[in-house]
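Values in this text are rule-based calculations from the coordinates and carry no lab data. Keep in mind that this is a model prediction, so the values were computed, not measured. Note that each Cβ is placed from the backbone with ideal geometry, even for glycine, and that neighbours are counted across all protein chains shown.
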């Protein structure tokens, strides 16, 4: 399953770091962050609890940029 989320991130470098952090999150098969469009696309592992995975993604991304937002 693949979903796209609206995000709020301040710089392209932070967006790239958020993408890497998301890819390393359990339950995520792949991810991409588009800084210009302020969007994150996440492909989830089969059977993953999407809401729980996204909570962990947000937690991991906030380690990089404490004020980032992901609308899910």
Relative contact order computed over the chain (Cα-Cα under 8 Å; 6+ residues apart), in percent: 42 percent
Taking 2, 23, 55 and counting other C-beta atoms within 10 Å, the order from fewest to most: 2, 55, 23
Angle between the chain longest axis and helix 12-23 axis [Cα atoms, degrees, rounded to 10]: 10 degrees
Packing-based exposure ordering (other Cβ within 10 Å, fewest first) of 11, 61: 11, 61
For 65, 19, 71, order by how many other beta-carbon atoms lie within 10 Å, fewest first: 71, 65, 19
Rounded tilt (10° steps) of 50-64 against the dominant C-alpha axis of the chain: 30 degrees
Computed [θ] at 222 nm, deg cm²/dmol, the chain (DSSP H ≥ 4; -39,500 (n - 2.57); rounded to nearest 500): -12000 deg cm²/dmol
